[in-house]
Amino acid sequence: MTAKRRAKNPITDEEFVVQSVINETVDSARLATLRTLDAISNPVTQSEIIRNADITRQAASNHLAVLQNHGFIRSQKARIKLTAGGIALLDVLESCLQILSIKELAFLTRSDHPVAILREFKGEPYRIAELHAAMGGTPSQSTIRRILGDLQNYGWIEESNREKQITALGRQVLEAYNELSLSVQQLIEKAPWLQRLPLEDATFPIQELSDAKLVVSDPARPASVLSAALTLYDWDTSQFRGLCSIYNPVLFHTYRAAYRLFDYSIDSEMIFDWPTFAKITKATETRYILDSLDFSDYEVYALDYPHTLGIGIYDNRRVAVGAYNESGDGNHIAMIVSSNDKLVEWGIDLYESYRADATPATETDIGRL
């Protein structure tokens, strides 16, 4: 039997069976809770969720606790909202539910056997005794017979010459479930990053996150993300593009030395959010970032608003995207690093969207700072 897909949440260090996470979401009022949070969009109270999702206070408390434990919601001052992970979870669930109903998805995930049996049929048709043997004698033939009846009623398998075989719909259902399962695994495993990622930037290809390395700073490892960022450069890098929303002179000086930014050689451009840009212009120790603008291969831009996002693009080969808590103080940063083509493309598109919003440093009214 195929091993169960598992996911370990870095926030709690707890391991989950992905199939159970899916079932507990669709086989209860948890999905209604997610839909309510999405529909209202603004942070809401538990009472508003109870009223709009039509669930009991006890059920709401349970579902909200689990969703927060997975990193799908966050609560602040008794008001609750979806994280980027929660929005992505709802999106992948709704996409799967375009192929099969809530009832069907609940049946498929309520025990280990329906998915395992359906997967066995991908390779070849079986009679019941042959299927029982192929699955190593588990479950029993009577259980297999009962599940086969349900699978046939749903139209996912059919009988031909006394053998059962998967239908085109069954293959479609299995593909949809596999995509959902992989997505939920990644949403749990990348929870610290997704908790902090701005909601408007949650446009990443979810399944490709399996190729991304997660780095998280915390009180025990406050410099872990910074250290990881400083190891990303290699001497083959000819172009660097970055968005920075944290004022960190140590980071700037290290990049200046290691990446040859702000001075010479490497083709580079940087976008700073407004608070960071303002501090750079006022501080003597970082003024060199702007004093180097006469170099032809170096550009600086400023957003006219504060942000909580960082992006680093190394040629078109690698991307790093960091996010931190909404207060904007840069504590407890989470970052993903990847050379996956689709994630790199997403990172570049994300960077370019901010580049389009930014103003060249030479055109800003630096004097008003």
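Tabulated results
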read-out: FRET E, pair residue 199, residue 159, Förster distance 56 Å, beta-carbon r, rounded to 0.05; value: 0.70
read-out: Where the chain is the region considered: accessible area per residue in Å², 1.4 Å probe; value: 46 Å²
read-out: Accessible area (Å², 1.4 Å probe, nearest 10) - residue 81; value: 50 Å²
read-out: FRET efficiency, 1/(1 + (r/R0)^6) with R0 22 Å, evaluated for residue 352 and residue 97 via beta carbons; value: 0.10
read-out: Helix 249-259 vs. the chain, principal-axis angle (Cα, 0 to 90°, nearest 10); value: 90 degrees
read-out: Added length on full extension, which subtracts the Cα-Cα distance from 0.36 nm per residue, residue 141 to residue 57; value: 26.0 nm
read-out: Residues of the range 126-155 with amide N under 20 Å of the 7 Å Cα→Cβ point at residue 171; value: 126-127, 151-155
read-out: Which label in (i) 1.20; (ii) 0.94; (iii) 1.27 gives the computed Cα Rg over 2.2 N^0.38 Å; value: (i)
read-out: Residue among 197, 309, 148 with the largest mean-square fluctuation in a Gaussian network model of the chain, springs linking Cα atoms under 10 Å; value: 148
read-out: Relative contact order, percent, the range 1-157 [alpha-carbon distance under 8 Å, six or more residues apart]; value: 19 percent
read-out: Inter-probe distance in nm under a simple model that places probes 7 Å from Cα toward Cβ, at residue 316 and residue 46; value: 5.1 nm
read-out: Additional length obtainable on full extension of the chain from residue 15 to residue 341, 0.36 nm per residue less Cα span; value: 114.5 nm
read-out: Residue list for the range 157-172, given a label point 7 angstrom along the Cα-to-Cβ vector of residue 124 and an amide N cut-off under 19 Å; value: 158-167
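The values are calculated or read from the model by the stated rules, or taken from the named source; none is laboratory data. It should be emphasised that the depicted structure is a prediction, and the values quoted were computed from it without experimental measurement. Virtual Cβ from ideal backbone geometry, glycine too; neighbours counted across all protein chains shown. Note: accessible area is taken over every heavy atom of the protein model, side chains too, but ligands, DNA and RNA are not part of it. Shrake-Rupley method; radii C 1.70, N 1.55, O 1.52, S 1.80 Å.
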